[in-house]
Amino acid sequence: MLRTLGNFTLVTLLALMAACALLICGSQDPLYTTQSLLSRGRYHRYDTLIREVGAEYHVDPMLIKAVAWRESGFRPGKVGKNGERGLMQVMEAAASDWAKQKKRAGFVPDDLFDPHTNLEAGTWYLKKALTRYASKDDPMTFALAEYNAGKSRVDKWVGDTNQGAGATAGDLRDSISFPSTREYVDTIIDRYRFYQHQGHL
């Protein structure tokens, strides 16, 4: 009986390993898929919340998730080197603006460690940027550059293109003087497309 149970367990384990191997090998991004499998659910823990916040602010949840992945690896307790907090690494000033507009009395920066609060504040800020650049050929590139480096830097980089209001996303990307911001924008857009290819969060 024990031997039969042991054989069953071994067969089940081998089948599970084979299924994981097929999933990883068939993935568009095997490294991400492996990390997701090893994260003990962390990569999907906030999907429902992300969908709800996306619907509230009219932002594609796949974009919100891509930002949260890049910013924190889905770790709600993360603190950045400049004081950014939570899943979307929201700065205190941006969160205070969000709280004021949304009339969230009693807001304190440590509230950003709450996943719902953080996703709301971060998505609100991202939506503002997407709206600001809605007339551009690719609003996402402009909005993500602003999310990472701030509006004043994006304004400077647009000015550096000498294209004025006609500057395209490609013009902006070429004029970004921070390699880290260029990499930030590109990795989020790549992750966003990966989620789109999956067809679900």
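For this structure, a couple of remarks:
- Listed residues Asn82, Val53, Pro109: farthest to the positive end of the dipole of the stretch 48-158 (Cβ charges): Asn82
- Helix 92-101 axis versus longest C-alpha principal axis of the chain: approximately 80°, rounded to the nearest ten.
- Taking Cα centre as origin and charging only the Cβ of basic (Lys, Arg, +1) and acidic (Asp, Glu, -1) residues, the dipole magnitude of the stretch 44-201 rounds to 240 debye.
- Spatial separation of Cα centroids for the stretch 47-90 and the stretch 166-184, in angstrom: 22 Å
- For Leu49, solvent-accessible area (1.4 Å; no DNA, RNA or ligand), Å²: 40 Å²
- Accessible surface of Val59 - all protein chains present, 1.4 Å probe, nearest 10 Å²: 10 Å²
- Rounded accessible area of Arg132 (nearest 10 Å², 1.4 Å probe): 100 Å²
- Formal net charge of residues neighbouring His44 (Cβ-Cβ distance under 12 Å; K, R +1; D, E -1): +4
- Set of lysines near Lys100 by C-alpha distance (under 22 Å), chain-local residues within fewer than 8 positions excluded: Lys127, Lys128, Lys151
The values are calculated or read from the model by the stated rules, or taken from the named source; none is laboratory data. Computed from a predicted structure; not experimentally measured. Glycine gets a Cβ as well: all are built from the backbone with ideal geometry, and neighbour counts include every protein chain shown. Keep in mind that these areas ignore ligands, DNA and RNA; they rest on the heavy atoms of the full protein, side chains included. Shrake-Rupley method; radii C 1.70, N 1.55, O 1.52, S 1.80 Å.
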